[in-house]
Every structure is written in C-alpha cells, then in structure tokens.
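Notes follow the structure.
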Amino acid sequence: MDIKDYKGVMVYIEQRRGTLQNVSLELLGEGRRLADELGVELIAANIAEHADELSQTLIEYGADRVVEYSSPDYAYYMTEPYTQALFHAIDTVKPEILLLGATSIGRDLAPRVASRVGTGLTADCTSLDLKDGMLMMTRPAFGGNIMATIACKNHRPQMSTVRPGVMSKLEREKGRTGKIEKVDFTPEKNSQYVEILSFEEKKSEKKDIKEARILVSGGRGVGAAANYDKLERLAATMDAEVSASRAAVDAGWQPHSQQVGQTGSTVRPDVYFALGISGAIQHLAGMEESEYIIAVNKDKNAKIFEVADLGLVGDLHKVVPLVAEKLEEIQASKKNF
Ligand SMILES: Cc1cc2nc3c(=O)[nH]c(=O)nc-3n(C[C@H](O)[C@H](O)[C@H](O)COP(=O)(O)OP(=O)(O)OC[C@H]3O[C@@H](n4cnc5c(N)ncnc54)[C@H](O)[C@@H]3O)c2cc1C
C-alpha cells in the first residue's frame, strides 16, 4: 500500500433504524478539526436503508462530501453487509483517517473492516491529534493507569474508535452545501451473511445516562442496593437520572447500563453528583468533562475532590436526604405560587 495515495478524513455514520446516532455528529466535529488542519476533505460514509434521508444533515454538521450507500440490506445492523459497504467506501475514496464510534456497532464493525483493509485500529481513544501529518491516537492502557499514544505509521487508513460523549459536535449550519454521491453497490450474499427473522426492541424504563442533564451517581459508599432509594428521591427533585461507579455495579446494586467510567459510559452532564465515590482514574475518565461536579465523601483526602467544583466532607446518608428535602420544599413553594 502506498500511503501517499490516501487523502481525507472519513467518518462512519452510525444510524439505528434510520436514527442518526449522536456519536457520529461528535466525530464529524472532531473530523472537521483534523481535516482543516490537514487541508483535506471531510467525508461521511453514510450506510443506511434510506441513506439519502440523512445526507444533508451530515453536511450541515461539517461534512464536505457524503458517500451514500442505500439498500434494504442495511435496514438492521449486520456485520457482513456493513463491512462490505465500508470496505468499498475505503477502497474507492482512500481516506487517510477513518473514525467510528466506540459503540456496540462500532466495536463490531471497526476491527472487521481494519482486518479486511489490512490496517491497524486504536480502540476507545480519548483524544486525537496530528503530528507531522500523522494521527496521534491516545487511549488509556494498563487498566487506565497510563495514557498511551499510538501511531499507525505504515498503513492506511489510520483507524480509531471514540466513545460517545468524548468529542463535541459542531453547531448545525442550516443550508450548508457539500457533495452527495449515491454509490451503486450491492453487498454480496456470501456465507457470512445472516438473516434476521424478527426484531424485538428491549424497552428500558431508565433513560440513557449519556443523555441526562443531571446525574446523581452513587459508589461503594452508598452501602447497599436499598440505599439507592435516597439517590432516586434526590434525582426525582431535579428530573435527574441515577448512575453508579463500577464498584456499585459489581456489587449488583445498579445495572451495567448505569455505570460511568472507562468500562461504562462517558458522560458530560451539566451537573454530576458523585456520592460515596473515591475518584479512581477509571471513574474520572468517564465523568471529568461534566460541567459542574458536586462530590460528597466522608474522606477529606478522596481523589474525587481534586476534580469537584463543590466538595462536601460528610456522610452521604445524612447529606442526601437533607438536600432532597430542601429541593422538595423549593418545588412545593413554586407550585403554590
Ligand atoms: C480496567 C478497569 C476498568 C475499570 N472501569 C471502571 C469504570 O468504568 N467505572 C468505575 O467507576 N470504575 C472502574 N474501575 C474500577 C475503579 O478502579 C475503582 O475500583 C472504582 O471506581 C471504585 O468505585 P467507588 O469509588 O464506588 O468505590 P471505592 O473506591 O471503594 O470508594 C468508596 C468511597 O466512598 C466513600 N464513602 C464510604 N462511605 C461513605 C459515606 N457514608 N458517605 C460518604 N462517602 C462514603 C469512601 O470514603 C470512598 O472514598 C475499573 C478498574 C479497572 C482495573
């Protein structure tokens, strides 16, 4: 492979049954920054049952060019047809960089595509930079104790996955123009093709913690599953969601969907309550970009206080009910107005 033949930054656009995923818009924002610095095009690889419905939005979020792969084969995510389409996009466009979301889909698709193209992949990056035109991909290593910066010197594209919530999307520029190319490509129904017989969506009563504006997060200091009632009560006063540290999830007090951190979700709410959470590096990796962090911990030396905007040394079992009570009073007085 002659790496000089590869130009441009490509973002794989993730949609689920036609709904654009936020992570792709965040990657378009980051891709725009990289493309501008390199002086190249930002290309969106748009693979969907009705890809044309999404293309203009992608341009308004920063893409210069959209390559559109539309087919009923892409109605649901399946490894083989998506791999074939993305491989085709790489083979024809030859981008020097390819970014995907580190979602369940991205984590399935990226390694398959990397292996088919014959290039490397750096998964779960937390930052991306350029040095002498090469992509510097930084991610936690050795259990999050060090940050490793990885380069892909001899192969293209330089591939990276990034978790939702890590990068920022651009403001939408309504009416922005760019090139939209419909690609004539039909995936081959080979032996690795699976057939989806039916699809049942799992309904969760909990909201996605990545979308929450306020998170009330509890750690091992909460002490027991039943004690989360106190956190639920506080959350209810602010239309917030309850989340947790891994210690609380491992103890079975909260489901994994609520876990914040390196092996959970990366969140960026307006307000993050860290209650009985020590502030291990793997937890901080998932929440330190929150706008305002309020920590309650009985240990005044807890690391969480190093990232907190407001810290309270105390017993959460006393503090949380008091704050909930105060907020309930405020709400009641507003209703009586
Ligand atoms: C590869 C790897 C990936 C990981 N991924 C994650 C991840 O995604 N998310 C994550 O969270 N962790 C992750 N961890 C685990 C992480 O290292 C910590 O073990 C974990 O975050 C600790 O959770 P915690 O803060 O709730 O518990 P602890 O570290 O035990 O802290 C409990 C805190 O509660 C305080 N406390 C106790 N009682 C009270 C009370 N009554 N009132 C107030 N404060 C009180 C204590 O002072 C203490 O600071 C990972 C680890 C590894 C090796």
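The values are calculated or read from the model by the stated rules, or taken from the named source; none is laboratory data. Small disclaimer: the values here were computed from a predicted structure and weren't measured. Here the Cβ is made from the backbone with ideal geometry for all residues, glycine too, and neighbour counts use every protein chain on show. The area values use the complete protein model at the heavy-atom level, side chains included, leaving out ligands, DNA and RNA. Shrake-Rupley method; radii C 1.70, N 1.55, O 1.52, S 1.80 Å.
Listing for the model above:
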{"item": "Test item: Cα-centred dipole of the range 223-282, Lys/Arg +1 and Asp/Glu -1 on Cβ, debye", "result": "140 debye"}
{"item": "13 Å Cα-Cα reach of K169 towards aspartates and glutamates, excluding residues that sit fewer than 8 places from it in its own chain", "result": "E26, E30, E60"}
{"item": "Over 29 Å (Cα to Cα) - which of K7/K210; K4/K182; K210/K326 fall in this group", "result": "K7/K210"}
{"item": "Net length gained if the chain between D91 and V194 were fully extended (0.36 nm per residue, minus Cα distance)", "result": "34.7 nm"}
{"item": "Eligible aspartates and glutamates near K189 by straight Cα distance, threshold 17 Å, same-chain separation 8 or greater", "result": "E49, D73, E80"}
{"item": "Using distinct alpha-carbon pairs, which all enter the 1/r mean, Kirkwood radius of the range 183-337 in Å", "result": "17.0 Å"}
{"item": "E49/K334 FRET efficiency (R0 45 Å; Cβ-Cβ; nearest 0.05)", "result": "0.45"}
{"item": "Solvent exposure, largest accessible area first (probe 1.4 Å, DNA, RNA and ligands not counted), of L20, L99", "result": "L20, L99"}
{"item": "Accessible surface of the range 249-337 [probe 1.4 Å, protein heavy atoms]: carbon and sulfur percent", "result": "54 percent"}
{"item": "Rounded tilt (10° steps) of 79-93 against the dominant C-alpha axis of the chain", "result": "60 degrees"}
{"item": "Listed residues L27, L98, V260: farthest to the positive end of the dipole of the chain (Cβ charges)", "result": "V260"}
{"item": "Using alpha-carbon coordinates, inclination of helix 316-335 to the longest axis of the chain, degrees", "result": "80 degrees"}
{"item": "Cβ charges +1 (Lys, Arg) and -1 (Asp, Glu), total dipole of the chain, debye", "result": "660 debye"}
{"item": "Rounded if a/c under 1.5, otherwise prolate or oblate - the range 142-208, Cα gyration tensor axes", "result": "rounded"}
{"item": "Per residue accessible area of the chain, 1.4 Å probe, in Å²", "result": "50 Å²"}
{"item": "CD proxy at 222 nm, helix term only [per DSSP H run n ≥ 4: -39500 (n - 2.57); per residue of the chain; nearest 500]", "result": "-9000 deg cm²/dmol"}
{"item": "Spin-label proximity, N145 to the range 281-322 - amide N less than 14 Å from point 7 Å beyond Cα toward beta carbon", "result": "281-282"}
{"item": "Along each principal axis, Cα extent of the range 62-167, largest first, Å", "result": "44, 28, 28"}
{"item": "Highest-MSF residue in the chain out of N297, N227, N190 [GNM, Cα springs under 10 Å]", "result": "N190"}
{"item": "Kirkwood Rh and Cα Rg combined as Rg over Rh, evaluated for the chain", "result": "1.02"}
{"item": "Label-point separation, D108 to E325 (7 Å along Cα→Cβ), nm", "result": "5.0 nm"}
{"item": "Surface share of carbon and sulfur [accessible, 1.4 angstrom probe, percent] for the range 80-151", "result": "53 percent"}
{"item": "Computed magnitude of the charge dipole of the range 37-127 (debye, nearest 20; Cβ of K, R +1, Cβ of D, E -1)", "result": "360 debye"}
{"item": "The chain: angle of helix 22-38 to the longest principal axis, Cα-based, in degrees nearest 10", "result": "60 degrees"}
{"item": "Under 15 Å, Cβ to Cβ, from Q254 - net charge with Lys/Arg +1 and Asp/Glu -1", "result": "-1"}
{"item": "Relative contact order %, the range 218-260, counting alpha carbon pairs below 8 Å whose residues are six or more apart", "result": "42 percent"}
